[in-house]
Amino acid sequence: MKKIAIIGRPNVGKSSLFNRLVKNRDAITSDLAGTTRDVKRRTTVIMNKEVQLLDTGGLDKGCELFDKIKEMSLKAAYKADIILYMVDGKGLPEEEDKKLFYELQAMGKDMALVVNKIDNDKMKEKLWEYYEFGTDAIFGISVSHNRNTVELLDWIASKVPDSDIVKDDDEEEEDDINIIEPETNDEDFFANVAEKDEDDDGFTYWDEDEMDGVIIDDTIFGNNDRIKEFDEEDVDHIKIAIIGRTNVGKSSLLNALLGEERSVVSSVAGTTIDPIDETVQYKDKQITFVDTAGLRRRGRILGIEKYALMRTTEMLENSNMALIVLDASEPFMDLDEKIAGLVDSNRLASIIVLNKWDISKREEHDKIIKEVRDRFKFLAYAPIITLSAKSHLRVDKLHDMILEINANYSQRIPTSKINEVIEKALRRHTLPSVSGQVIRIYYGTQYETRPPKIAIVMNKPSGLHFTYRRYLTNKMREAFNFTGTPLLFKAKKKGEK
């Protein structure tokens, strides 16, 4: 499959073109320079031919962060088969653009100069100024108005072999030519998002006084059943969100897990904006890691970070495991607990990762572990691993831990085994009566996996006190390996669905 890199300086429309080509608003776009930082990869179809598209950060220089972004972008260009070098057609050709264009052109790859923001016919005259770049492959387009893109698509398709065709020639080509036409432009779209009521935007965890929806016990009963459904047959694909506050080392951990520099790492808080995902094969499993934007308190969210945080919540909803990254070299914060509460409320399998262990006070190991357990009681089932993403200390152990927890998260316990545990629990401690009425449990059965869900069938579901629920949970965990996974119960009457 051919790789196509979209390269250029900041704010020329690279991410907007990327979104149109993948037919989805995948990459965050804004007028702020440096919005795109990591290289985003997506597979798409252009003129019936399958390609991998790479959206890169702006080729700018200055601070440590922008230097890192430029380095990652150029690496993507060197690995690509086709390069689309984008410039802003509203201005004059820049000497820096020419220099970068000639440098990339010298690699001998198929390369086109894409002059964006040619929004009307009058502006086409400006294209003549760009022929001094010394290439005939010049395309004047307007991504925001979806103008003159067909010639560019034809050129790209001509550079991709017929072996990559994914549809028959007689099928409609409308989707290939009319690259997704949004009802509004990106600015209107995000303006509409920003108008949402803060109380309804899913960010209740930023309140400092209290955290709505934190589950103190890891057993969920009754109607509070909002668990994301997953394909039980897809147990070989593990979707993992790497989550934590800013500057705890999430991007460094992703790079260490992949064994390559995939995500930009810098000392600048909030370096990661767009969630970056990468899939690897480990043993017989497919693991997709997603490096999410660092989370802050509501009052400290700046500009495009709000959209980044919305993407993070979407990633959590579509994951089935989370790595909760904490900075072991400094005191834990209330925000760490609130972020971990997001994982619990999404009913995800989880691992608590104590990062930066190489610079922490390791002689206080027991004290640090105890503090984690005290602070994160609602994640008592989550194992803790101490590591250093920077030095790769114990990172190799994390892969096998992920497979073990996925097995626990996906397991189905036979009904007979479940009822043996319930019977023993009842013999040891009988259910208390309610208003003189005897409360009976008839049987229990698992009705779903990922996470495991168990139905408790009884004569009076409301009579199951929360202390007895916790007692049953503990007995189930003693009998079966549910390490790393929440265990969900639903009390119901006979015949009730």
Per-peptide average of other Cβ atoms within 10 Å, ordering 430-436, 470-476 highest first: 470-476, 430-436
Would you please classify the overall shape of region 351-404 from the alpha carbon gyration tensor, given that a ≥ b ≥ c denote the square roots of the eigenvalues, rounded means a/c under 1.5, and beyond that prolate means a/b larger than b/c while oblate covers the rest? oblate
In sequence order, what are the phi-derived ³J(HN,Hα) couplings for region 313-323 according to the Karplus relation 6.51 cos²θ - 1.76 cosθ + 1.60 with θ = phi - 60°, rounded to whole Hz, with x for glycine and proline? 5, 5, 4, 5, 5, 9, 9, 10, 8, 9, 9
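If each residue's Cβ is checked for other Cβ atoms within 10 Å, how do Lys417, Lys390 rank with the fewest at the top?
Details: Lys417 14, Lys390 17.
Ranking Lys417, Lys390 by Cβ neighbours within 10 Å, fewest first, gives Lys417, Lys390.
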Rank-order 148-155, 314-321 by packing density, defined as the average count of other C-beta atoms within 10 Å over each peptide's residues, highest first. 314-321, 148-155
Rounded to the nearest 5, what % of the DSSP beta bridges within region 415-492 are antiparallel ones? 60 percent
Give me a comma-separated list of calculated 3J(HN,Hα) values for region 144-152, in order, Karplus coefficients 6.51, -1.76, 1.60 applied at θ = phi - 60°, integers in Hz, x for any Gly or Pro. 5, 9, 6, 10, 6, 8, 5, 4, 5
Order of Thr485, Thr44, Thr415 - criterion: other Cβ atoms within 10 Å of each residue's Cβ, fewest first: Thr415, Thr44, Thr485
Long-range amide H partners of Phe489 with built H, under 5 Å: Ile220, Ile454
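Computed from the coordinates by the stated procedures, all read-outs in this text should not be read as laboratory data. Note that the structure is predicted; figures quoted are calculated from it, not measured. Counting neighbours? That spans all protein chains shown, and the Cβs are built from the backbone with ideal geometry, glycine included.
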